[in-house]
Protein chains: 2
Amino acid sequence: MADNKKKVSAITSMDEDFAQWYTDIVKKAELIEYTSVKGCMVIRPYGYAIWENIQRILDGMFKATGHENVCMPMFIPESLLQKEKDHVEGFAPEVAWVTMGGNEKLEDRLCVRPTSETLFCEHYANIVHSYRDLPKLYNQWVSVVRWEKTTRPFLRSREFLWQEGHTIHATAEEAIEETEKMLNVYAQFCEESLAMPVIKGKKTESDKFAGAVSTYAIEALMHDGKALQAGTSHYFGDGFAKAFDIQYAGKDNKLTYPHQTSWGVTTRLIGAIIMTHGDDNGLVLPPAVAPIQVVIIPIAQHKEGVLEKANELKERLVKMGLRVKLDDSDNSPGWKFSEYEMKGIPVRVEIGPKDMESNQCVIATRHNGEKAFVSLDELEASVEAKLREVHDGLYAKALENREKRTYACKTIDEINNALTEKGDGFIKAMWCGDEACEDKVKEETGVGSRCIPLEQEHLSDTCVCCGKPAKYEVYWGKAY
Amino acid sequence: MADNKKKVSAITSMDEDFAQWYTDIVKKAELIEYTSVKGCMVIRPYGYAIWENIQRILDGMFKATGHENVCMPMFIPESLLQKEKDHVEGFAPEVAWVTMGGNEKLEDRLCVRPTSETLFCEHYANIVHSYRDLPKLYNQWVSVVRWEKTTRPFLRSREFLWQEGHTIHATAEEAIEETEKMLNVYAQFCEESLAMPVIKGKKTESDKFAGAVSTYAIEALMHDGKALQAGTSHYFGDGFAKAFDIQYAGKDNKLTYPHQTSWGVTTRLIGAIIMTHGDDNGLVLPPAVAPIQVVIIPIAQHKEGVLEKANELKERLVKMGLRVKLDDSDNSPGWKFSEYEMKGIPVRVEIGPKDMESNQCVIATRHNGEKAFVSLDELEASVEAKLREVHDGLYAKALENREKRTYACKTIDEINNALTEKGDGFIKAMWCGDEACEDKVKEETGVGSRCIPLEQEHLSDTCVCCGKPAKYEVYWGKAY
């Protein structure tokens, strides 16, 4: 039987075991494969194609905001890494060290970049001399290595792909504006391309990037109620410039330290897509980044004219600029339905002899399983509308999940009750700004501070922990 | 004075010191900057934009020939690298070793990939089981590390960017066809996009890739008469499959070893562009990969209407899909001319008040310094024609240089005479196939075998070295 060639086997249900469900999806949708390199993975064609779409869209947004791509070495000499004190303290414990080149022992060990601030600073010290050289708005698409103990595909791995923007500006104001601008670019991308609502906020002091004056982040809530940091944007002040002796001559010829930023998103976004939109039938992909946006499945394809018609529909959709696959393999339609549901393809078009008689086809949408008959004369407009419907539907569903799982709490008891009664989610609660309270909330409830949202709500006058006057509203959560 | 802000300083002339000329260009055209990481460089925005164009075009060609992108880990455990004997012997002496992860010593050292055959093989062993799983046509765009002793930007560096295609096929015939197909893709790309003629050929036994049954290469001749290997394509037979125990069940259910290939080009292509087309005024870029294809320079830009007109021309050219820069900075036109000549921009458009009166502009072509007046009504067609003219002119000039510097020789004396009298170049000479003769030619003339060209000429009946019956025509040369 054709159906036996390759089985689309069922996956663990989300409610039964969310972690196993996730692992099943990354494997069965053929996003990744494990390797003998511990904590590292192969990103397979289907997974990598999602990343390519993310790259293409984000890269366009970076270039539209004036950024240029560069490429730094993947190695950082230990002596260079050590130049900024906080930075090296944050990263040195989790880097991979190259100690041998060929058969020779290296005098200055090289770490495989965990992030590239130090290299960019060295470069800026070489090329920035005058106010005319500023700003430099650089980005690179590379992989980085952090020696994690426990790893999970896309979410936490020893090597991961990312982009890292690094910019340098004449003034603090400009650098802060850049930091916020890129946070907004990330938020816009998540909402418009990944159909994923995010909270924009600032990290607390204890949660800042090593070497930053302030760290901004976008936080998303996954289907299971856990938070995921989807992107970060850091403002460095002139700390790195001082450590690396970067100075520029102003219009008045006075030497001044410039101000810097860095910002990044990673292949973790693929993990976020899975856990935001996926369901018990597999992956569900937002149309903007889906490697295949429309799959066409011929019904009774041996019947005269069916494959020709299916090909004709494909041509029409490709002409619209869509990414389309026609599966005319000898697997059964039922097998194909399951396969492309597992792969999360947003829209499925079915066409068979009966449809042809009535000059129609069936369009099914992955996110809600709905099917509709559509006149072939209106194929283009219908598919376009359905793709928008999928995007909007995914966004609404994700937002609904977040809202359902966001609990405003005024005391630690309320936090614990909410988590126990309603399950994991975002806690919104006021905070006095004292690190001791932040730690105590974590200790007594299990949720850590995720961010101080840029849009502040006034929930009460007092800190959720100590009862003293509150300074900020904070989002708290368990995090990936 | 505006002109003093940034000097476009002259570079060493090619004839005086070709190596210094090259170094001057990579620095002054702002392609790279050195770093404290020995043998590694920063690829700056202008250099990286050339690579992005190379990537975009080649990636399109790979996808059009059915290939998919993936991403393998950057590390290879020593035990995995050792599985194929010839391969490990070829690469182990020149790899960088990670021996520490955080503060822990690793039990199995990891090398930073010098190439990824072993990782692809491990992956194929996991995912290839049946003839239905074949072929797999994979590629990745990554960087690799080889611990070179002497390095030069783009030509030989410890880390370089490349793509590596890795494919696996049911039969030897299919794999050989793939090897040749990708060699042809490379040759076509070099000729159509880089305006660089290449010789397609097979490497001799002594010059094969470590682990390959046969290695194909494209060889280009640089301006100074030295050869540069611009791309390679390897056929592996089933050697790797046997070493990694990759087997597939055929239609008859019999287990069989599949056949593999790999192929790659690197950022070295940027070095090839520089040394094929550059001149004493700087870089000269082929239009297909030039980050900026047309630069517009307003003359007397303070005069009424000039900048508006320049902007209007820019909009018209951008609408054609061209990459256009309008330089309206307060540098003088003379400074701008030198700057964009150094940067190798193929076409320059000048527009000033007098031109506007006559409804015309000046179009200058970088490769030959010619200028022409063109009616503004015919701007689009004229610029398009000029860009084609630059491409064709560059190709013709490079071909002419190669032909002028290719010497057919029948004896070792003839080789030495040709090199002494006419300078470095390709030597075409017959060879018996004996490695001893290959070595002796190298020893006595300084030129090594570059390839056995696929299009064989019959130059004589006897080997250039021993006088015994000849088997092949060989191209010989000094190589980068």
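The values are calculated or read from the model by the stated rules, or taken from the named source; none is laboratory data. In this text, all values refer to a predicted model and were calculated from it rather than measured experimentally. All Cβ positions, even for glycine, are placed from backbone atoms using ideal geometry, and neighbour counts span all protein chains on display. Areas reflect the complete protein model, heavy atoms only, side chains present, ligands, DNA and RNA absent. Shrake-Rupley method; radii C 1.70, N 1.55, O 1.52, S 1.80 Å.
Here is how the numbers come out for the structure above:
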read-out	value
Test: residue in the stretch A:403-411 that is under 22 Å from A:Met275 (Cα atoms), exposed (fewer than 14 other Cβ atoms within 10 Å of the Cβ) and either touching a strand residue (DSSP E or B) at 6+ places or on another chain (Cβ under 7 Å) or at pLDDT 95 or above (or both)	yes
Matching entry among B:Gln140, B:Gln82 (being surrounded by fewer than 18 Cβ atoms within 10 Å (Cβ to Cβ) and either without any contact (Cβ under 8 Å) to a residue 12 or more places away in the chain or at the interface with chain A (Cβ under 9 Å from one of its Cβ atoms) (or both))	B:Gln82
Members of the stretch A:325-355 found to be touching a Phe, Trp or Tyr at 6+ places or on another chain (Cβ under 9 Å) and in a helix (DSSP H, G or I), listed by number	A:Asp355
Selection count, the stretch A:105-118, where residues are of a type outside the set (S, T, N, Q) and touching a Lys or Arg at 6+ places or on another chain (Cβ under 7 Å)	1
Hits in the stretch B:81-137 (condition: of a type in the set (Val, Ile, Thr), farther than 30 Å from A:Pro93 by Cβ, at pLDDT 95 or above and assigned to a helix (DSSP H, G or I))	B:Ile127
Qualifying residue in the stretch A:440-447 (condition: in contact (Cβ under 8 Å) with a residue 60 or more places away in the chain and crowded, with 18+ Cβ neighbours inside 10 Å)	no
Search result, residues across the stretch A:11-49 that are of a type in the set (Val, Ile, Thr) and either part of a loop (DSSP other than H, G, I, E, B) or within 11 Å of chain B (Cβ to nearest Cβ) (or both)	A:Ile11, A:Thr12, A:Ile32, A:Thr35, A:Val37, A:Val42, A:Ile43
Members of the stretch B:291-318 found to be assigned to a helix (DSSP H, G or I) and free of Cβ contacts under 8 Å to residues at least 12 places away in the same chain, listed by number	B:Glu308, B:Glu312, B:Glu315, B:Val318
A:Leu387 being surrounded by 16 or more Cβ atoms within 10 Å (Cβ to Cβ) and of a type outside the set (Asp, Glu)	yes
Qualifying positions in the stretch B:63-79 - within 18 Å of B:Ser193 (Cβ to Cβ) and either more than 12 Å from chain A (Cβ to nearest Cβ) or without any contact (Cβ under 8 Å) to a residue 40 or more places away in the chain (or both)	B:Lys63, B:Ala64, B:Thr65
Unmet criterion (only one of (1) open to solvent by less than 30 Å² (accessible area, probe 1.4 Å); (2) more than 22 Å from A:Arg158 (Cα to Cα); (3) at the interface with another protein chain (Cβ under 9 Å from one of its Cβ atoms)) for B:Glu94	(1)
Wholly within the stretch B:356-473, helices (runs of 4 or more DSSP H) carrying at least 2 residues that are among the aliphatic types (A, V, I, L, M) and under 20 Å from B:Lys200 (Cβ atoms)	B:379-404
Qualifying residue in the stretch B:222-242 (condition: of a type in the set (Val, Ile, Thr) and either open to solvent by less than 10 Å² (accessible area, probe 1.4 Å) or over 21 Å from the mean Cα position of the chain (by Cα) (or both))	no
Hey, B:Ala125 surrounded by fewer than 24 Cβ atoms within 10 Å (Cβ to Cβ), within 13 Å of chain A (Cβ to nearest Cβ) and touching a residue at least 12 places away in the same chain (Cβ under 8 Å) or not	yes
Residue within the stretch B:64-72 that is assigned to a helix (DSSP H, G or I), at pLDDT below 95, farther than 26 Å from A:Pro73 by Cα and out of contact with any Ser or Thr (no Cβ under 7 Å at 6 or more places or on another chain) present	no
Among residues of the stretch B:143-156, those that are more than 9 Å from chain A (Cβ to nearest Cβ), open to solvent by less than 20 Å² (accessible area, probe 1.4 Å) and not hydrophobic (A, V, I, L, M, F, W, C), counted	1
Verdict on B:Tyr131 being at the interface with chain A (Cβ under 10 Å from one of its Cβ atoms) and not polar (S, T, N, Q)	no
Meets criteria (within 18 Å of the chain's Cα centre (by Cα) and modelled with pLDDT of 95 or more) for B:Gly60	yes
Filtered residue count, the stretch B:451-462, keeping only those that are touching a Gly at 6+ places or on another chain (Cβ under 8 Å) and either open to solvent by 30 Å² or more (accessible area, probe 1.4 Å) or without any contact (Cβ under 8 Å) to a residue 60 or more places away in the chain (or both)	1
Conditions (1) open to solvent by 20 Å² or more (accessible area, probe 1.4 Å); (2) in contact with a Leu (Cβ under 9 Å, 6 or more places away or on another chain); (3) among the small types (Gly, Ala, Ser): number failed by A:Ala429	(1)
